[in-house]
Amino acid sequence: MRVRKEPGLTFDDVLLIPRRSPVRSRRDVDTSSVLVEGIRLHIPILSANMDTVTESEMAITMARLGGLGIIHRFMSIERQVAEVARVKRAENLVVENPYTISPDTTVAEARRLMEEWDSGGLLVSDAEGHLLGILTTRDVLFEDDETRPVREVMTPRERLVTAPPGTTLEEARRILHRARVEKLPLVTDDNRIAGLITAKDIVKRERYPHATKDQKGRLRVGAAIGVKAGELERAAALVEADADVLVLDIAHGHSDNAIEMLRRLRREFGDTVKIIAGNVATAQGVYDLAEAGADAVKVGVGPGSICITRVVTGFGVPQLSAIIECAQAAREVNVPIIADGGIRTSGDLTKALAAGAQTVMIGGLFAGTRESPGFIVQRNGRRYKLVRGMASLTANMSRQDNVELDPEQIVPEGVEAMVPYRGSVVEIVNQLVGGLRSGMSYAGAYTIPELQDNAEFVPITLAGLQESKPHDVELI
Ligand code: XMP
C-alpha cells in the first residue's frame, strides 16, 4: 500500500494566476485545438456520448459551432449508423447520392419518405438513375388524393434547372439565384444523376464558417463503441457510414479489455479511422492506450455530474490532478488528451485546458438543452430534462445486451437526475467560449498551447473559494 504525498486537486481547489497580457481584444484569441492528428476543432468542446446528451441533433449543432458530438452507443447498430448518416447529410458541398424515388411512388409514400429522410425535396428517377423530375413539399402540400403517382404531381425534367458534375459552389449559387430555385441537380450528358447542390447547404456554409467539416464539406461526427466482441461489427458499420472518430467507451479504460479491443480495432481498420480511447486517470493509463494505438486518450474517472463511481468503488482521481498527470505523459508520447467530466463553468473549461487537455467533453451541462434527446418535464411550474449516468440502474436495464440481467445484480455507478431546461445549447457554448476567451486574455495567451505554457495555478482554501463566488449580497 502506498499513499501519495500531494492531495489530489480539482477545479475548485485552484485558481489561475493573472499575468501581463498583450491581448487587446478577446476577439484576437484563437480557441482552436487538436482533437486527434488531422482533425482540428475551432472550439475545443465535445458533447458526451450519453443517451441523454448526444444523438444527431446535438452532434449537428456541435459540429456547426466548431466542436464535435459523439453519438452514444446505447442503441442498435442500425440506428446508430442512421444517426451518423443524418449528421453527415446535414450539410454538404455536394450531396453525392441524393435520395431518389420512382415516378410510380404514391403521394402518401413520398410524404412518408420526406419525413423519414428529413428532406423537403426528392429527385425522381428511373431504374437506371436518369433524372425525371423533382418532388418538393410544395408539390404535395395540398394534394388531397394520396394515391396519385408522383409522376403526376412532380416538377418534370423539362422545367428543371440543372448543371453538369464539377459545378463549383460559386457557379451553383449564381444559377440558383438566377432561376430562383432551391435545388440544383447535377446531371451527366446522358441525364444521369451525379449529385445535388441545395441553397440550404450554401446558406448554412455561410452562416457557420467555423463548422467542423471533413474533406467533402460534410459535418464531422464521432460515435461510441463498447469493448465486447460484437462491437467490432458496430465499429465496421460506423466506419462504413463515414464516422470521423470512434470513441472506445469503457468506464475503466486502463484495462486489458480496452487494450485488446483497441489493438483489434487497429488491426481491423489500420489508419482509416481515428480512435479515441478511455477513460483513464493516470500517466500509465495514457502510455498503455497510446501504445495500443489510441489517437487520443480520454481522461476522467469519477468526476462526472452523474457519476457515483468514487462513492461505489472508492476509486478515482480528482480531475485537475488527473489532467495534469495525464497531460505530461501525453506530451511524451505525442497524443492529445480530452478532459472528460466535471465541467460546470467556463472557468472549469479554462482550467482543464490550461492544465494540459487539448479538448474537453461535456455531459450534464448540455443535457438540459433543446438539442439533447428526451422530453421536457414540468415540475412545480419549472421545466426540466432528464439526465442519467450510462452506468445508472435504468441505463443498465435498458441496454439491449443486458436484457437477461437481474436488476438486483446491477451495481449502478451512475445516477438518474433532472437538470433545468436551458434552451439551445448554442447559448451555453457561446457563454463557455466567451469565458474561455476572457480567461486566455488573463493568461496573456493567443492560443491554447500558449495558455498551457503560461498557466500557473495557485491552490486555494475554502475561504478563497467563498471569496471567488458572489458573497455578502442578495442575488436577484
Ligand atoms: P459531466 O460532468 O459533464 O460528465 O456530466 C460527463 C461524463 O461522465 C461520465 N459518465 C459516467 N461516469 N458513471 C460514471 O462514473 C456513469 O454512469 C457515467 N455516465 C457518464 C462520462 O465519461 C461522461 O462523458
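Quick notes
- Calculated mean residue ellipticity at 222 nm for the chain: -10000 deg cm²/dmol, from DSSP H runs with n ≥ 4 weighted as -39500 (n - 2.57), summed, divided by the residue count and rounded to 500.
- Between the helical axis of 425-442 and the longest alpha-carbon principal axis of the chain there is an angle of about 50 degrees.
- Total charge dipole magnitude, region 304-413, about the Cα centre, Cβ charges on Lys, Arg, Asp, Glu only, Debye to nearest 20: 720 debye
- Lys385 long-range amide H proximity, modeled H, under 5 Å: Val377, Val419, Tyr421
- Extending 7 Å from Cα along the Cβ direction at Arg178 and again at Val203 yields two label points whose distance is 2.2 nm.
- The 3J(HN,Hα) values that the Karplus relation (6.51, -1.76, 1.60; θ = phi - 60°) gives for region 251-257 are, in residue order, 4, 9, x, 8, 9, 4, 3 Hz. Gly and Pro appear as x.
- Geometric descriptor of region 368-440, per residue, is 138 Å³ (volume of the convex hull of the Cα atoms).
- Top positive-direction residue, dipole computed over region 100-207 with Cβ charges, set Thr136, Ile197, His177: His177
- Projected-area average for region 100-207 over all orientations - Cα convex hull basis, square nanometres: 7.0 nm²
- Two-site label geometry, Val473 and Ser25: point separation in nm, points 7 Å out along Cα→Cβ: 2.8 nm
- Temperature 25 °C, viscosity 0.890 mPa s: under these conditions the Stokes-Einstein estimate for the chain, based on its Kirkwood radius over C-alpha pairs, is 101 µm² per second.
- Along the chain, counting only chymotrypsin sites (Phe, Trp or Tyr not before Pro) with a DSSP assignment other than H, G, I, E or B and at most 14 other Cβ atoms inside a 10 Å radius, the longest segment between sites is 143-314.
- Percentage relative contact order, region 100-207, counting C-alpha pairs under 8 Å, at least six apart: 23 percent
- Helix 319-333 and the longest principal axis of the Cα set of the chain meet at an angle near 70°.
- Rounded to the nearest 10 degrees, the angle from helix 231-240 to the longest Cα principal axis of the chain is 50 degrees.
- Restraint check, Lys213/Lys385; Lys5/Lys351; Lys213/Lys298, Cα-Cα greater than 25 Å: Lys213/Lys385
- Spin-label pair Arg267/Leu465, simplified geometry with 7 Å Cα→Cβ offset, distance in nm: 4.7 nm
- D_trans [Stokes-Einstein, Kirkwood Rh over alpha-carbon pairs] for region 405-476, 37 °C, 0.692 mPa s, µm² s⁻¹: 193 µm²/s
- Sparse-neighbour loop sites [trypsin sites (Lys or Arg not before Pro); region 203-291; at most 15 other C-beta within 10 Å; DSSP]: Lys216, Lys228
- Relative contact order computed over the chain (Cα-Cα under 8 Å; 6+ residues apart), in percent: 20 percent
Bear in mind that the values in this text are calculations on the coordinates, not laboratory data. Because the structure is a prediction, the values reported are computed rather than measured. When we count neighbours, we look across all protein chains shown, and the Cβ atoms used for this are built from the backbone with ideal geometry, even at glycine.
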